[in-house]
Every structure is written in structure tokens, then in C-alpha cells.
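Have a look at the structure below before the remarks.
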Amino acid sequence: MTAPGPTAELHALLVACLRFDAAGNDGVLADRIAAAGWEQLLAHADELRLGSVLVRAAARRQLAPAVPPLTLPDGRMTITKALQQRDADHLARRGIMRRRLDEIVSALRQEAIVPLALKGGRSIVTGAPDWRHLRDLDLLVAPRQAQRAQEIVLALGYRPAGEPRPRLIHHHLHELYRADMPGWIEIHRRGGPSRVEQFLPSAELLASAVDAAPARVGAMILPDHLHVLHGIIHHHVGHRAVKHATIEIKALYELAAAVTDMDEAERRRLLERAARHPRLLAILELWTAAAADLLGMPVLAPLRAPKDAAAWWAGMAQAEPGTPSAGIGPELRAATAPERLRRAIGGGSALRRLYWRLTMPLTFVKRPMLMPTLPRRPAPPP
């Protein structure tokens with residue numbers, strides 16, 4: 001999944017740092033990192049937006065050399081100081097995002113618009129996990145409120161970068177920026193494009209949202225199982241994993257960390273919601289197999305990593321970079337596997353299984369959302 005040569009070695013080192021089952025080999029790993037170079041490894045992690053996670057792993061596992069955290073007279077830092085500074089900068093950035101989010105949510109709530117913070121924005125609302133890096137804040141509101149929410153954010157001094165593009169049917173309105181906001185704001189009218197919407201409708205997300213604070217002044221968040229499932233669907237379906245035949249390691253790490261922190265009841269809710277559609281169940285089991293293999297995530301009950309999911313992942317992991325993907329074949333086979341069809345909710349019915357087999361290819365077809373009805377122009381005066 002990575003190019004051969006130095007990049008492959010750096011990627012292998014990064015994965016080794018992130019594994020959940022690391023035990024007893026930290027000294028060897030530290031020596032390998034020193035030989036490859038901390039600067040190069042951090043740069044590779046930054047490319048994958050995992051620099052903040054690597055810094056935490058290095059501190060937890062004591063991978064950096066045991067030297068004092070010092071800034072030298074010429075401005076250079078020892079590696080321990082550089083890692084500490086990186087973590088401080090990361091937390092400061094998150095703090096700014098939290099203040100910007102509070103300002104926006106306060107303005108929205110004044111007009112009875114209560115946004116749902118999606119994806120990484122949830123960690124800004126709750127404060128955890130604080131290692132989570134995010135580029136933007138995604139706020140989902142009811143479709144009828146989206147344009148007004150956009151206007152409220154614009155009134156706070158945010159502006160689109162460049163000329164706004166028409167977004168009549170896009171799942172979010174134009175990205176908004178302000179000089180004192182690291183990243184940007186996206187007001188969503190739906191949780192994702194239509195290919196995502198078919199598996200986890202926005203209406204369900206909004207109806208399931210919970211208040212993270214008893215004071216009821218902040219953004220809403222999703223319960224754990226829907227937050228994890230939305231993340232999987234966002235990356236796998238929204239980012240067209242079939243086309244690229246890969247899983248983004250940042251998303252996989254976030255899944256593994258979230259699932260590991262869940263209790264069994266919450267994991268059961270995750271499994272049961274995924275089991276409403278056999279393709280969604282297949283995707284969850286693929287990601288479970290990938291996280292177990294690549295990151296050493298424990299497969300905790302009732303989650304499973306069946307043999308076909310492990311084989312599907314192995315085919316993706318072993319694919320040569322730049323080669324065409326296998327298309328929908330592996331995913332279609334996994335989604336229509338008889339055993340998985342039976343485990344999906346309603347799969348005890350032969351008629352339901354037949355329906356799924358016949359309609360499964362349609363779930364891979366782009367489904368454009370209907371264009372909203374525009375108001376008619378007033379008739380010209382006679």
C-alpha cells in the first residue's frame with residue numbers, strides 16, 4: 001500500500017509505533033527510528049495527518065532518546081523538546097477550534113439551530129480523544145436550516161475562499177474561512193453524498209443526536225456506535241474505497257481506538273446497526289480485519305473478522321501501488337456471501353436474501369439527489 005524504498009520503511013516504522021499490541025520491543029523500535037531519522041518519520045506521519053498520534057505514541061512508549069528537552073542557541077531543538085512542542089502546538093490548535101466552535105454554536109442556537117458536530121468535530125465538543133487531528137469542523141443541520149446557518153456563520157466574519165461554487169445538491173455548503181480559525185467550517189445539509197446517505201440517512205443522525213453537555217449550550221454529538229459507523233461509511237463509501245482499493249490508515253487508527261474504548265454493549269449496538277444491510281456488515285468486518293492485522297487491534301466480542309473479510313483485506317494490502325483496483329467484485333462477493341446474508345437483520349427470510357442479491361449492485365451506483373425546487377421568478381410588469 002506504500003511505494004517501495006525509504007517511504008515503505010518509514011511507513012512500516014509508523015505502523016509499528018501505532019500498533020495496539022506492542023509489547024517488549026520498544027528498544028528495538030527506538031533504534032530503528034533513530035537510524036531512519038525522527039525528522040523523516042515525523043514528516044511521513046504529517047503527510048498522513050498522524051503526527052499528533054505519533055507524538056503521543058513516542059511519549060507513551062518512550063521511543064525518543066533520553067536527552068533533556070532543550071532549545072539550543074541556534075534555535076534547534078532536541079528531539080524530546082521538539083516532540084513536546086509539537087504536542088503543545090497541537091493542543092493549542094484544538095483549543096482555538098473549540099473557541100471558534102463555541103462562538104458559532106452560540107450564534108446558531110440564538111436562532112434555534114442546534115448543529116450536530118460530525119467526525120473529528122465530536123472530539124472538539126467532548127475533548128476526547130485529544131490526540132485527534134482535524135482540518136475542519138463539519139456541522140450538520142436540518143436541510144431547511146442549512147442556508148440560514150451559512151448566513152449566520154458569514155455574519156461572524158467567515159468567508160469562502162475564492163468565488164463560491166453552486167452547491168444546490170451538494171451535501172454541504174461552501175467551505176468558510178476566517179483568519180483566526182485554523183482550518184475551515186462546513187455547514188452540512190446531509191451527513192454525506194447520496195452513496196453514504198443510503199446506508200446512514202441524515203434524518204437518523206439528527207434524530208439520534210445527543211447533548212454532550214447538561215447545560216445544552218454546545219453542539220450535539222452522535223452516540224459512540226453511530227459516530228464510529230458514520231466514520232467508516234464516510235471513508236469507505238464516501239471516499240470510494242472500491243475505486244482506490246485501500247483504507248486510509250488515519251481512519252483505521254481512529255476506528256481501532258474508538259472500538260477498543262467501547263464496552264461490549266456499545267460494540268453490540270455498532271454491530272446491530274451495521275447488520276441492517278449486508279454490504280454495511282461486510283464493510284465493518286473488512287475494517288475490523290484490517291485494524292486487527294495492520295494495527296494489532298483486539299477483535300472484541302461481538303465483533304468478528306471472518307476469513308473472507310481477512311482475505312479481502314489481504315488482497316487490498318498486497319496490491320501494488322498504482323495498479324488498477326479489482327473493482328466492485330471483492331466487495332460485492334463479501335456483501336452477498338450466503339453466511340453474511342443470513343447474519344444480516346432479516347436474513348432469515350429467503351425472499352429478503354434474494355432481494356439483497358438482486359439489488360446489491362445498485363448500491364454501488366451513484367444516486368444523484370433530487371434538485372431542490374427553486375422559487376419562480378416574478379412575472380415582469382405588463
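The values are calculated or read from the model by the stated rules, or taken from the named source; none is laboratory data. What you see is a predicted model, and the numbers here were worked out from it, not measured in a lab. Note that we place each Cβ from the backbone using ideal geometry, even for glycine, and neighbour counts take in every protein chain shown. Quick note on the areas: whole protein, heavy atoms, side chains included, nothing else; ligands and nucleic acids left out. Shrake-Rupley method; radii C 1.70, N 1.55, O 1.52, S 1.80 Å.
Suppose we keep only residues that are of a type in the set (Lys, Arg) and in a helix (DSSP H, G or I) within segment 262-282. Which one would you say is nearest to LEU354 (Cα to Cα)? Lay out the reasoning, then the answer.
Let us first name the residues in segment 262-282 that are of a type in the set (Lys, Arg), namely 267-269, 273, 276, 279.
Remaining after also requiring in a helix (DSSP H, G or I): 267-269, 273, 279.
On the way: ARG267: 28, ARG268: 26, ARG269: 26, ARG273: 21, ARG279: 14 Å.
Only one residue tops the list, namely ARG279.
Condition first: open to solvent by less than 20 Å² (accessible area, probe 1.4 Å) and either charged (D, E, K, R) or under 16 Å from the mean Cα position of the chain (by Cα) (or both). Now tell me which residues in segment 254-266 satisfy that.
The initial filter retains those residues of segment 254-266 that are open to solvent by less than 20 Å² (accessible area, probe 1.4 Å), namely 255-257, 259, 262.
Once the filter is applied, which keeps residues that are open to solvent by less than 20 Å² (accessible area, probe 1.4 Å) and either charged (D, E, K, R) or under 16 Å from the mean Cα position of the chain (by Cα) (or both), segment 254-266 yields LEU255, ALA256, ALA257, VAL259.
Name the residues in segment 293-320 that are in contact (Cβ under 8 Å) with a residue 60 or more places away in the chain, surrounded by 14 or more Cβ atoms within 10 Å (Cβ to Cβ) and within 17 Å of LEU271 (Cα to Cα), would you?
MET297
Quick one: would you say THR7 is open to solvent by 30 Å² or more (accessible area, probe 1.4 Å), β-branched (Val, Ile, Thr), modelled with pLDDT under 95 and in contact with a His (Cβ under 6 Å, 6 or more places away or on another chain)? Break it down into steps so the answer makes sense when it comes.
On the way: open to solvent by 30 Å² or more (accessible area, probe 1.4 Å): yes; β-branched (Val, Ile, Thr): yes; modelled with pLDDT under 95: yes; in contact with a His (Cβ under 6 Å, 6 or more places away or on another chain): no.
Criteria not met by THR7.
Quickly run through segment 232-254 and pick out the residues that are part of a helix (DSSP H, G or I), touching a Gly at 6+ places or on another chain (Cβ under 9 Å) and more than 18 Å from GLY192 (Cα to Cα).
The first filter runs over segment 232-254 and keeps only residues part of a helix (DSSP H, G or I), leaving 232-238, 241-244, 249-254.
Subsequent filtering for residues that are touching a Gly at 6+ places or on another chain (Cβ under 9 Å) retains 233-234, 237-238, 242-243, 251, 254.
Hit for segment 232-254 is GLU254, nothing else.
Given (1) outside the structural domain of HIS171 (by the TED database); (2) free of Cβ contacts under 8 Å to residues at least 60 places away in the same chain; (3) of a type outside the set (S, T, N, Q), where does VAL210 come up short, assuming only one miss?
(1)
Kindly establish whether ALA334 is of a type outside the set (Lys, Arg) and outside any loop (DSSP other than H, G, I, E, B). Don't jump to the end; show me each part of the working.
Working: of a type outside the set (Lys, Arg): yes; outside any loop (DSSP other than H, G, I, E, B): yes.
Yes: the conditions hold for ALA334.
Go through segment 68-100 and count every residue that is without any contact (Cβ under 8 Å) to a residue 12 or more places away in the chain and either crowded, with 17+ Cβ neighbours inside 10 Å or not polar (S, T, N, Q) (or both).
Of the residues in that region, 12 qualify.
How many residues are open to solvent by less than 70 Å² (accessible area, probe 1.4 Å), assigned to a helix (DSSP H, G or I) and not aliphatic (A, V, I, L, M) if we restrict to segment 344-356?
The number of residues fulfilling the criteria is 2.
Among the residues in segment 24-45, are any assigned to a loop (DSSP other than H, G, I, E, B), in contact (Cβ under 8 Å) with a residue 40 or more places away in the chain and either surrounded by fewer than 19 Cβ atoms within 10 Å (Cβ to Cβ) or not assigned by the TED database to the domain that holds VAL299 (or both)?
Let us first name the residues in segment 24-45 that are assigned to a loop (DSSP other than H, G, I, E, B), namely 24-25, 37.
Next cut, in contact (Cβ under 8 Å) with a residue 40 or more places away in the chain only: none.
Checked segment 24-45: no residue is assigned to a loop (DSSP other than H, G, I, E, B), in contact (Cβ under 8 Å) with a residue 40 or more places away in the chain and either surrounded by fewer than 19 Cβ atoms within 10 Å (Cβ to Cβ) or not assigned by the TED database to the domain that holds VAL299 (or both).
Conditions first: (1) of a type in the set (Gly, Ala, Ser); (2) touching a Ser or Thr at 6+ places or on another chain (Cβ under 7 Å); (3) under 22 Å from PRO330 (Cβ atoms). ALA256 passes all but one, so which condition is the exception?
(2)
Answer with yes or no whether ASP74 is outside the structural domain of VAL217 (by the TED database), within 26 Å of ASN25 (Cβ to Cβ) and not β-branched (Val, Ile, Thr). It would help to see each step written out before you state the result.
On the way: outside the structural domain of VAL217 (by the TED database): yes; within 26 Å of ASN25 (Cβ to Cβ): no; not β-branched (Val, Ile, Thr): yes.
Spelling it out, it is not the case that ASP74 is outside the structural domain of VAL217 (by the TED database), within 26 Å of ASN25 (Cβ to Cβ) and not β-branched (Val, Ile, Thr).
For ARG122, indicate whether it is part of a helix (DSSP H, G or I), in contact with a helix residue (DSSP H, G or I) (Cβ under 9 Å, 6 or more places away or on another chain) and open to solvent by 50 Å² or more (accessible area, probe 1.4 Å).
no
Restricting the search to segment 101-118, which residues are in a loop (DSSP other than H, G, I, E, B), surrounded by fewer than 23 Cβ atoms within 10 Å (Cβ to Cβ) and either touching a residue at least 60 places away in the same chain (Cβ under 8 Å) or not charged (D, E, K, R) (or both)? Before the answer, list the steps.
Going residue by residue through segment 101-118, those that are in a loop (DSSP other than H, G, I, E, B) are 110-115.
Right, trim to surrounded by fewer than 23 Cβ atoms within 10 Å (Cβ to Cβ) and you get 110-114.
Answer for segment 101-118, where residues must be in a loop (DSSP other than H, G, I, E, B), surrounded by fewer than 23 Cβ atoms within 10 Å (Cβ to Cβ) and either touching a residue at least 60 places away in the same chain (Cβ under 8 Å) or not charged (D, E, K, R) (or both): GLN110, ALA112, ILE113, VAL114.
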